[in-house]
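Trainee: Take a look at this one; I'll ask things after.
The values are calculated or read from the model by the stated rules, or taken from the named source; none is laboratory data. Everything numeric here is computed off the predicted structure, so don't read it as measured data. No Cβ is skipped: glycine too gets one built from the backbone with ideal geometry, and neighbour counts run over all protein chains shown. Side chains are part of the model used for accessible areas, which takes the heavy atoms of the whole protein and leaves out ligands, DNA and RNA. Shrake-Rupley method; radii C 1.70, N 1.55, O 1.52, S 1.80 Å.
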Amino acid sequence: MSEMNEKLVFDRPDSVIDRPTHYCPGCHHGIAHRLVGELLDEMDLTEKTLMVTSIGCSVFLYNYLNADAVEAPHGRAPAVATGVKRARPDSFVFTYQGDGDLASIGMAEIMHAANRGEKMSVVFVNNTVYGMTGGQMAPTTMIGQVTTTTPAGRCQTHEGAPIRMTEIIASLGGTAFAARGALNTVANIKKSRKYLKKAFEFQLNGTGFGFVELLSGCPTNWKMTALAANERIKDEMIPYFPLGVYKDVSEEGGVC
Amino acid sequence: MSKKNDRIFVKGNEAIARGALAAKCKCFFGYPITPQNDIPEYMSSEIIKAGGDFVQAESEVAAANMLLGAGASGVRAMTSSSSPGIALKQEAISYMAGSEIPAVIVNMNRGGPGLGDIGPAQGDYYQSTRGGGHGDYRHFTFGPGTVQEAYDLTIKAFDIAFKQRTPVLILGDAILGQMKEPITPWLPENIDEEAGRDWAVTGRTGGREKRLVKSLFLEEGALAEQNRHLQAKYDSWKSMTEAEQFETEDADLILCAYGSIGRIAKSAVRKFRKDGKKVGLFRPITLYPFPSDELKELAEQGKRFLTIEHNLGQMLDDVRLAIRTVADSDFYPIYPGNLPTPDELEEPILKCLEGK
Ligand SMILES: Cc1ncc(C[n+]2csc(CCOP(=O)(O)OP(=O)(O)O)c2C)c(N)n1
Ligand code: SF4
């Protein structure tokens, strides 16, 4: 029988719940979820994980990952996570936030949690738009990008320039690890996974704050096919938001 | 009876901090604002010594959300602030109410609106008793009138927060916070520090089912169900009201006042009693739930009422709601920005007594 010769190479991680997601076709949130789920399994973290979910398309993260979770108000996930981690220092705590959530309304909370060196990890999904509310401008929206609130395209003199969060977070004293990956190609997904793992390790060994930005597609609000969205990440986003590790204290000799 | 050497001489703010530590508060999140700074200052060293943690947050918004996180993980936690800071905490307080997260929040009310002044005032009564944030919710609210009471009610606040899974607010002002009085500290027994064991997010250790602490209810009817559940909880608090009655039995005129003003009104009552005038005091200690039934009983005995507040008339609404089928209440406002004395209250009380 042919089945006997088949080798299973790809399966659902235990930490990922077997149910259809609510995301649009081609959305990268699902890939980001899967990467986190794989790592929770691989690093044996599911039972000590306390997830802090935020506001945006990903608010239902807790429906897809099999770990305890608390829901934060818009932008405040890093503060909620600070409270969780201070209250339960032995747990593994991560936030999962979109660009509107993290770089706009929650700018203060993310900066200060990083600067304090909170022993937590942040998964930052940057799709250059407010997805859930219907495609308004985000702080990361590219110059010229048309959104429902920049109908003529984002203009630097009127709306400012897209904010590069990883660079900012890397500059803060409490940050142990900061990196930017992308979810548009298999190679980039694999690299992103490595970054996430590193960020998680820095929390587990108590070094400091770990931050991973993931350049992601929102085909619905970009009004593109999923494949065109992947191309856009390559052609427009990566040149402005370069990929790579921006801070890694294991190479620098430690924070604090 | 407490011995003299059991007593300590402390400010109201410090009494609250000590009460929280006696109640085994393990996390404190603060942001400086006058007149409550003694609380975070005291906590910054003492809670660490007690094996807990202190964070000076980047803002009141962050402090309240840290509180949300600690409370959601089932740990006894507290924040304190004053009026504009409490306004910033309201979004998180609404989320805590919606997610049924226990926590203790102290508001040392100062004068407003806006930046106002840092002196005592009671202008946050509506905000404190109506659910100052968005949506349909209430939380337990205490209005202590003495430093000892501030200590006692803080301990009680933690118990209620966990038993009822609700944020509990302690509403004081600069008089209470800055005044020093002797108090007898005491340690509550049998505190269940793992009280959240059946609902809090603590990690799925041992492979238990995952838990969510959230306030989002999207399915058809789910939010209505949650609101029904919350309302039933708030209704059940009616049996938990507290009030002090002083010389009310034979009184013709009852002063209604809470917190520091309640205490000043009590001095005025004493003075009137010396002159043989039948004045009494009704001082609500729980501001939400409001002790309506007790007040109504007094109204049914034919008594008259004068509500005195350090604001332009807020608790007055609750007094009127309580007694509306039998009586009404006069009102004397002390304008925020002024420091009231018992003498100031004499004239309006006299006027009421004489039916003018
Ligand atoms: C205080 C507050 N302001 C605004 C909103 C509305 N809101 C919900 S999701 C969202 C944007 C989220 O965008 P982003 O973080 O980029 O996540 P995405 O949906 O793109 O994944 C906003 C503004 C809210 N829920 N709360
Ligand atoms: S709107 Fe965009 S971010 Fe939201 S689910 Fe759809 S594709 Fe994903």
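Trainee: State which residue is nearest to the other protein chains (Cβ to nearest Cβ) when the search covers only segment A:213-243 and only residues that are charged (D, E, K, R) and either away from ligand 2 (no atom under 13 Å from the Cβ) or open to solvent by 70 Å² or more (accessible area, probe 1.4 Å) (or both).
Mentor: A:GLU213
Trainee: Considering only helices (runs of 4 or more DSSP H) fully contained in segment B:254-356, which possess at least 2 residues that are hydrophobic (A, V, I, L, M, F, W, C) and touching a Pro at 6+ places or on another chain (Cβ under 7 Å)? Step through it out loud before you land on a result.
Mentor: On the way: elements: B:259-274, B:292-300, B:315-323, B:342-353.
Ranges flagged: B:259-274.
Trainee: Return the only residue of B:GLY276, B:GLY262, B:GLY280 being small (Gly, Ala, Ser) and open to solvent by 30 Å² or more (accessible area, probe 1.4 Å).
Mentor: B:GLY276
Trainee: Name the residues in segment A:99-129 that are open to solvent by 10 Å² or more (accessible area, probe 1.4 Å), of a type outside the set (S, T, N, Q) and assigned to a loop (DSSP other than H, G, I, E, B), would you?
Mentor: At the first step, the residues of segment A:99-129 found to be open to solvent by 10 Å² or more (accessible area, probe 1.4 Å) are A:104-105, A:107-108, A:111-112, A:115-116, A:119, A:127.
Filter once more, keeping what is of a type outside the set (S, T, N, Q): A:105, A:107-108, A:111-112, A:116, A:119.
Correct list: A:LYS119 only.
Trainee: Within segment B:303-345, which residues are over 19 Å from B:ALA121 (Cβ atoms) and open to solvent by 60 Å² or more (accessible area, probe 1.4 Å)?
Mentor: B:ARG304, B:ARG320, B:LEU321, B:ARG324, B:THR325, B:VAL326, B:ASP328, B:ASP330, B:ASP343
Trainee: Now for a separate question. Which of the residues belonging to segment A:89-115 are of a type in the set (A, V, I, L, M), facing another protein chain (nearest Cβ under 9 Å) and within 16 Å of the chain's Cα centre (by Cα)?
Mentor: A:VAL93, A:MET111, A:ALA113
Trainee: If you don't mind, there's one more thing I want to ask. Which one is nearest to ligand 2 (Cβ to nearest atom) among residues in segment A:144-164 that are under 19 Å from A:THR220 (Cα atoms) and open to solvent by 50 Å² or more (accessible area, probe 1.4 Å)? If you could, list the steps in order and put the result at the bottom.
Mentor: The initial filter retains those residues of segment A:144-164 that are under 19 Å from A:THR220 (Cα atoms), namely A:144-154.
Still in the list and also open to solvent by 50 Å² or more (accessible area, probe 1.4 Å): A:146, A:148-149, A:151-152.
Working: A:VAL146: 15, A:THR148: 12, A:THR149: 15, A:PRO151: 18, A:ALA152: 22 Å.
Checked segment A:144-164; the qualifying residue nearest to ligand 2 (Cβ to nearest atom) is A:THR148.
Trainee: Related question: Of the conditions (1) of a type outside the set (D, E, K, R); (2) surrounded by fewer than 24 Cβ atoms within 10 Å (Cβ to Cβ); (3) within 16 Å of ligand 2 (Cβ to nearest atom), A:LEU39 satisfies every one except a single condition; which number is it?
Mentor: Just one mismatch for A:LEU39, condition (3).
Trainee: Quick one: would you say A:ILE55 is open to solvent by 10 Å² or more (accessible area, probe 1.4 Å) and either part of a helix (DSSP H, G or I) or not β-branched (Val, Ile, Thr) (or both)?
Mentor: no
Trainee: Looking at A:PHE92, A:PHE60, which one is within 16 Å of ligand 1 (Cβ to nearest atom) and of a type in the set (Phe, Trp, Tyr)? Spell out how you get there, then give the answer.
Mentor: Details: A:PHE92 fails: within 16 Å of ligand 1 (Cβ to nearest atom).
Being within 16 Å of ligand 1 (Cβ to nearest atom) and of a type in the set (Phe, Trp, Tyr) holds for just one of A:PHE92, A:PHE60, which is A:PHE60.
Trainee: Also, I was wondering about something else. Just checking, how many residues over segment B:207-259 are closer than 22 Å to B:ALA299 by Cα and of a type outside the set (A, V, I, L, M, F, W, C)?
Mentor: Here the count works out to 13.
Trainee: Are any residues in segment B:47-60 open to solvent by 50 Å² or more (accessible area, probe 1.4 Å) and either within 20 Å of A:PRO78 (Cβ to Cβ) or touching a Phe, Trp or Tyr at 6+ places or on another chain (Cβ under 9 Å) (or both), and if so, which ones? Full working, then the answer.
Mentor: As a first pass, look at segment B:47-60 and keep what is open to solvent by 50 Å² or more (accessible area, probe 1.4 Å): B:48-51, B:56.
If the condition is that a residue be open to solvent by 50 Å² or more (accessible area, probe 1.4 Å) and either within 20 Å of A:PRO78 (Cβ to Cβ) or touching a Phe, Trp or Tyr at 6+ places or on another chain (Cβ under 9 Å) (or both), then B:ILE48, B:GLN56 are the ones that fit.
Trainee: Moving on. Got a sec? Which of A:ARG76, A:ARG86 is away from ligand 1 (no atom under 16 Å from the Cβ), open to solvent by 10 Å² or more (accessible area, probe 1.4 Å) and at the interface with chain B (Cβ under 10 Å from one of its Cβ atoms)?
Mentor: A:ARG86 is the lone residue from the list that is away from ligand 1 (no atom under 16 Å from the Cβ), open to solvent by 10 Å² or more (accessible area, probe 1.4 Å) and at the interface with chain B (Cβ under 10 Å from one of its Cβ atoms).
Trainee: Related question: Just for segment A:22-42: of the residues that are within 14 Å of another protein chain (Cβ to nearest Cβ) and over 14 Å from the mean Cα position of the chain (by Cα), which one is farthest from ligand 1 (Cβ to nearest atom)?
Mentor: So the residue we want is A:ASP41.
Trainee: Another question, if that's okay. How many of the residues making up segment B:188-215 are part of a loop (DSSP other than H, G, I, E, B), free of Cβ contacts under 8 Å to residues at least 60 places away in the same chain and within 11 Å of chain A (Cβ to nearest Cβ)? Working first, answer last.
Mentor: Of segment B:188-215, the ones part of a loop (DSSP other than H, G, I, E, B) are B:188-204, B:208-211, B:214-215.
Cutting the leftovers down to free of Cβ contacts under 8 Å to residues at least 60 places away in the same chain gives us B:189-190, B:192, B:198, B:203-204, B:208-211.
Among the residues that remain, those that are also within 11 Å of chain A (Cβ to nearest Cβ) are: B:203-204, B:208-211.
The total comes to 6.
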